[in-house]
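The values are calculated or read from the model by the stated rules, or taken from the named source; none is laboratory data. What you are looking at is a predicted structure, and each value in this text was computed from that prediction instead of being measured. No Cβ is skipped: glycine too gets one built from the backbone with ideal geometry, and neighbour counts run over all protein chains shown. All accessible areas refer to the heavy atoms of the entire protein, side chains included, with ligands and DNA or RNA removed. Shrake-Rupley method; radii C 1.70, N 1.55, O 1.52, S 1.80 Å.
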Amino acid sequence: MNILVTGGAGFIGSHTIVELIAAGHGVTALDNLCNSSRKVLGRIERITGRSVPFREADIRDREALEKVFSSEHFDCCIHFAGLKAVGESVKKPWEYYENNVGGTLVLLDVMRRHGCKNIIFSSTATVYGEPEKIPVTEDCRKGICAHPYGRTKSMLEDILSDLYRADIENGDPRPWNAVLLRYFNPIGAHPSGLIGEAPGGIPNNLMPYITQVAVGKLEKLHVFGNDYDTPDGTGVRDYIHVVDLAKGHVKALRATEERSGVSVYNLGTGRGCSVMEIIKTFEKVNGVSIPYVIDPRRPGDLAEYYSDPSKALRELGWRAELGIEEMCRDSWNWQKNNPDGYE
Ligand code: NAD
Ligand code: UD1
């Protein structure tokens, strides 16, 4: 298939492009580089031996998108482009609604005008809010998101569902076809060490913080609470290797060929892992020490949050293969070879 990957220079987008190429798909990457580097494209070429056509464009720029869609036919768009920093979204909600919701509306409009109504959308486990049950299944009710970032994702899921329903009611012979992928906690990097996560400033998420402590950029890790009702008192999450996550998109593509409608899948491992387990595993597999202190809980954090990923196995034939060891190994391999990211 011929695929447009928006946000293709980003963390998950770049890994997905590698897997799409490995599976024999044609790929064009589109990104405005607001949170990524053009250098990613050279790295992808080194890994795959293929040069990826790149369009430097903003999804809010209708004219630029018109040019992209007029120049070739895309069978599907895998849509990663968006802003994703939870804290920043609280401070700059307008920017998040305008970029994520406004940008996606422009993208969807240009797509439908060019006859491309297949989309795989990057959603997040955050849409469950405080989930009804753990492990979280896709039929759990969506919850109240604590921040604008989560609300942009939840809104976009609803928008895609409404567009599909309207097509069916209107008897559209080619209705929208959307796969909503709710990611749990993506970490790790490509085993080559050539592409990985390169957050700007001080990282908010656990793994990039740990790797920056390991490389000496940050002094120590602050563990947010050790008094949760979990086996060792620290927060439990469902970390998933970004390469497994990327492969989930390739499987989801096949689903867009085989059926239409709106389908939702959790992409996680189904295994909860605590902050202390991550620290200990990182130290063991990489032979480095991670100094840490226990701090108070981070407001808004839940004690535990992990997926039931069995629907993705049943319907997409996808399951995560890589464990915490590989996630810690590959995150460190990336960070130590690229201490300043793509700089
Ligand atoms: P990322 O920031 O590395 O990648 C997103 C890319 O989109 C960046 O390269 C950025 O430059 C680009 N972009 C942003 N706004 C754009 C616009 N208006 N036009 C064109 N390009 C634009 O983030 P990521 O971790 O790769 O996440 C990819 C997607 O997955 C995002 O939509 C994110 O919300 C979602 N997601 C991420 C996580 C996570 O923990 N990383 C979890 C759940 C969902
Ligand atoms: C966070 C976001 C969530 C988003 C997800 C994307 C918040 C409140 N939640 O989730 O909306 O979808 O990232 O990846 O920001 N931890 C520490 N010290 C640190 C960083 C984290 O102890 O410096 C702990 C946290 O308390 C948590 C675990 O590590 O128990 C994972 O944290 P993080 O990587 O931020 O992910 P989430 O909290 O799941």
**Report entry** Members of the range 36-92 found to be closer than 24 Å to residue 127 by Cα, part of a helix (DSSP H, G or I) and among the charged types (D, E, K, R), listed by number
**Finding:** 88, 91
Requested in this report: Please work out if residue 194 is surrounded by fewer than 23 Cβ atoms within 10 Å (Cβ to Cβ), out of contact with any Gly (no Cβ under 8 Å at 6 or more places or on another chain) and in contact (Cβ under 8 Å) with a residue 12 or more places away in the chain.
Outcome: yes
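What's the total number of residues in the range 93-118 that are within 13 Å of ligand 1 (Cβ to nearest atom) and either open to solvent by 30 Å² or more (accessible area, probe 1.4 Å) or aliphatic (A, V, I, L, M) (or both)? Even if it seems obvious, please write down each step before you answer.
First, pick out the residues of the range 93-118 that are within 13 Å of ligand 1 (Cβ to nearest atom): 95-107, 110.
So of that shortlist, the ones also either open to solvent by 30 Å² or more (accessible area, probe 1.4 Å) or aliphatic (A, V, I, L, M) (or both) come out as 95, 97-98, 101, 105-107, 110.
Total satisfying the criteria: 8.
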**Report entry** Long-range neighbours under 6 Å by Cβ, at least six apart or interchain, first residue farther than 22 Å from residue 333 by Cα and within 16 Å of ligand 1 (Cβ to nearest atom) within the range 210-235, second in a loop (DSSP other than H, G, I, E, B) and open to solvent by less than 10 Å² (accessible area, probe 1.4 Å)
**Finding:** none
Report summary line: Being at pLDDT 95 or above and open to solvent by 10 Å² or more (accessible area, probe 1.4 Å) narrows 242, 288, 223 down to just 288
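Would you mind stating whether residue 28 is within 15 Å of ligand 1 (Cβ to nearest atom), under 16 Å from residue 249 (Cβ atoms) and crowded, with 24+ Cβ neighbours inside 10 Å? Write out each step before concluding.
Numbers: within 15 Å of ligand 1 (Cβ to nearest atom): yes; under 16 Å from residue 249 (Cβ atoms): yes; crowded, with 24+ Cβ neighbours inside 10 Å: no.
For residue 28, the condition - within 15 Å of ligand 1 (Cβ to nearest atom), under 16 Å from residue 249 (Cβ atoms) and crowded, with 24+ Cβ neighbours inside 10 Å - is not met.
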Report task. Specify the residue that is nearest to residue 310 (Cα to Cα); the eligible residues are those in the range 124-137 that are modelled with pLDDT of 95 or more and open to solvent by 30 Å² or more (accessible area, probe 1.4 Å). Result -> 135
Query - residue 332 vs. criteria in a loop (DSSP other than H, G, I, E, B), in contact with a helix residue (DSSP H, G or I) (Cβ under 7 Å, 6 or more places away or on another chain) and buried (at least 18 other Cβ atoms within 10 Å of the Cβ) - result: no
Query raised in the report: List pairs: first in the range 267-281 and within 10 Å of residue 230 (Cβ to Cβ), second within 9 Å of ligand 2 (Cβ to nearest atom) and part of a strand (DSSP E or B), Cβ under 8 Å, 6+ apart or cross-chain?
Result: 272/236; 272/237; 272/304; 272/305; 274/236; 275/223; 275/224; 276/223
Query raised in the report: Has the range 41-60 got at least one residue that is closer than 21 Å to residue 266 by Cα and open to solvent by less than 40 Å² (accessible area, probe 1.4 Å)?
Result: no
Query raised in the report: Within the range 60-74, is there a residue that is within 14 Å of ligand 1 (Cβ to nearest atom), acidic (Asp, Glu) and within 14 Å of residue 6 (Cα to Cα)?
Result: yes
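Of everything in the range 176-186, what is part of a strand (DSSP E or B) and more than 8 Å from ligand 1 (Cβ to nearest atom)? Give them in sequence order.
177, 178, 179, 180, 181
Name the residue that is farthest from residue 221 (Cα to Cα), counting only residues in the range 262-278 that are small (Gly, Ala, Ser) and outside any loop (DSSP other than H, G, I, E, B).
Initially, the range 262-278 is screened for residues small (Gly, Ala, Ser), giving 263, 268, 270, 272, 274.
Within this subset, residues satisfying the condition of being outside any loop (DSSP other than H, G, I, E, B) are 263, 274.
Values: 263: 38, 274: 14 Å.
Applying the filter and picking the extreme gives 263.
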Query raised in the report: Which residues, taken from the range 150-167, are under 20 Å from the mean Cα position of the chain (by Cα) and among the hydrophobic types (A, V, I, L, M, F, W, C)?
Result: 155, 156, 159, 160
Report task. Output the residues belonging to the range 123-155 that are within 11 Å of ligand 2 (Cβ to nearest atom) and not in a helix (DSSP H, G or I). Result -> 123, 124, 129, 145, 146, 147
